[in-house]
Amino acid sequence: MFSCVHWLQSFLALLSSTLFAWGQNCPSVCLCPDHHTVDCTGQGLTRLPDSIPLDVRRLLLSNNWIPWIPSDFLVLYSDLVYLDLRNNSLTRLEPGTLGTSSRLVYLDLGSNNLTEIPSGTFGESRSLIKLRLGNNPHLRMVGEEAFMGLTSLRELELERNALSGLDVKVLSQLPSLRVIRLEGNPWVCNCHFAKLFLWLMENRHKLPTGLEGMECSVDGQQVSLSMLSEDSFRECRGMLTLKDYLIVIFSGICISVAAIIASFFLASTIHCFQRLKANRTDEEEGED
């Protein structure tokens with residue numbers, strides 16, 4: 001009986017000390033409902049709070065006024081799985097800032113003031129499954145390799161931003177993508193949009209609102225993408241970009257060089273056969 005009471009007292013003492021330690025490690029303006037969660041939602045923060053436990057896994061920072069993220073942020077919090085920075089004052093992200101975590105699964109950067117997503121922003125975050133970048137009213141540019149390395153990404157939200165165009169390569173490098181939100185952007189249906197439109201036609205099952213939920217500007221009028229077809233961009237088929245011209249020129253040079261080499265070998269081969277034939281003829285005449 002005594003041993004049971006002693007064990008219970010030891011357990012309660014350990015529990016109390018653990019809970020006390022959790023409370024001590026929790027930032028003063030935040031809540032820590034469990035050992036791996038820090039909830040700082042709606043605390044009017046203008047910067048990241050101090051004393052965040054290094055082993056935090058869920059960090060909730062939405063509805064504050066945080067303007068930037070230190071470049072070494074995820075280096076310090078390498079166990080972070082869930083990061084919510086929705087509805088803050090973020091204006092830009094340093095390339096690689098969010099690309100040093102191998103465990104981050106969920107990232108919400110929606111409802112901020114981001115203006116661009118440069119290439120290399122997310123590095124090699126191969127565990128990232130859901131990325132929310134919607135409702136950034138000043139977001140006009142997404143780098144061609146912004147999402148390079150996000151091989152596990154299934155859900156990408158880019159709705160209600162300021163995107164008028166998007167390089168289709170940005171999306172084609174996401175092999176696991178299942179859901180993509182692009183509605184609410186001021187798309188312009190010009191020749192630069194043509195490749196993206198074809199991609200959307202082929203992947204319409206990934207659009208939660210379908211092509212019907214997306215519009216683009218045609219001669220100053222908003223038109224649903226569901227009203228367009230591949231023929232709507234037929235005048236763009238003959239238009240080549242500088243890159244296309246360079247590829248054509250390079251291909252032509254390669255073909256010309258290959259033709260010259262082939263002609264040289266063919267001529268050499270014919271010459272060898274002719275000499276061989278002449279030698280045989282001389283030998284036959286000698287025998288006669």
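Rank by packing, highest mean first: peptides 75-81, 115-121, 103-109, with packing defined as the count of other Cβ atoms within 10 Å averaged across residues. Numbers along the way, then the final one.
On the way: 75-81: 15.6, 115-121: 18.6, 103-109: 20.3.
Ranked by mean Cβ neighbours within 10 Å, highest first: 103-109, 115-121, 75-81.
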Item to check | Given charges at Cβ of Lys, Arg, Asp, Glu: the stretch 49-96 dipole, positive-most of Leu74, Ile52, Leu85 | outcome: Leu85
Checklist entry - Rounded to a whole number of µm²/s, how large is the Stokes-Einstein D of the stretch 62-199 at 4 °C and 1.567 mPa s, given Rh as the Kirkwood radius over C-alpha pairs? => result 87
Item to check | For Leu153, distant residues with modelled amide H under 5 Å away | outcome: Ser176
Checklist entry - How many nm is it between the label spots at Gln43 and Ser232, if each spot is 7 Å from the Cα in line with the beta carbon? => result 4.8
Checklist entry - Going 7 Å from the Cα of Glu212 toward and past its Cβ, which residues in the stretch 152-188 have a backbone nitrogen under 17 Å from where you end up? => result 182-184
Checklist entry - Picking from Ser172, Ala162, Thr209, whose Cα lies most toward the positive end of the charge dipole for the stretch 153-223 (charges on Cβ: Lys, Arg +1; Asp, Glu -1)? => result Ser172
Next on the checklist: How compact is the stretch 150-220 by the rule of thumb for globular proteins, expressed as Cα Rg over 2.2 N^0.38 Å?
Outcome noted: 1.05
Item to check | Val223 versus Val179: modelled label distance in nm, points set 7 Å from Cα along the beta carbon direction | outcome: 3.1
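Here, each number is a calculation from the coordinates, and none is a lab measurement. If you're wondering where the values come from, they're calculated on a predicted model, not measured in any experiment. Don't worry about glycine lacking a Cβ; one is built from the backbone with ideal geometry, like all the others, and counts go over all protein chains shown.
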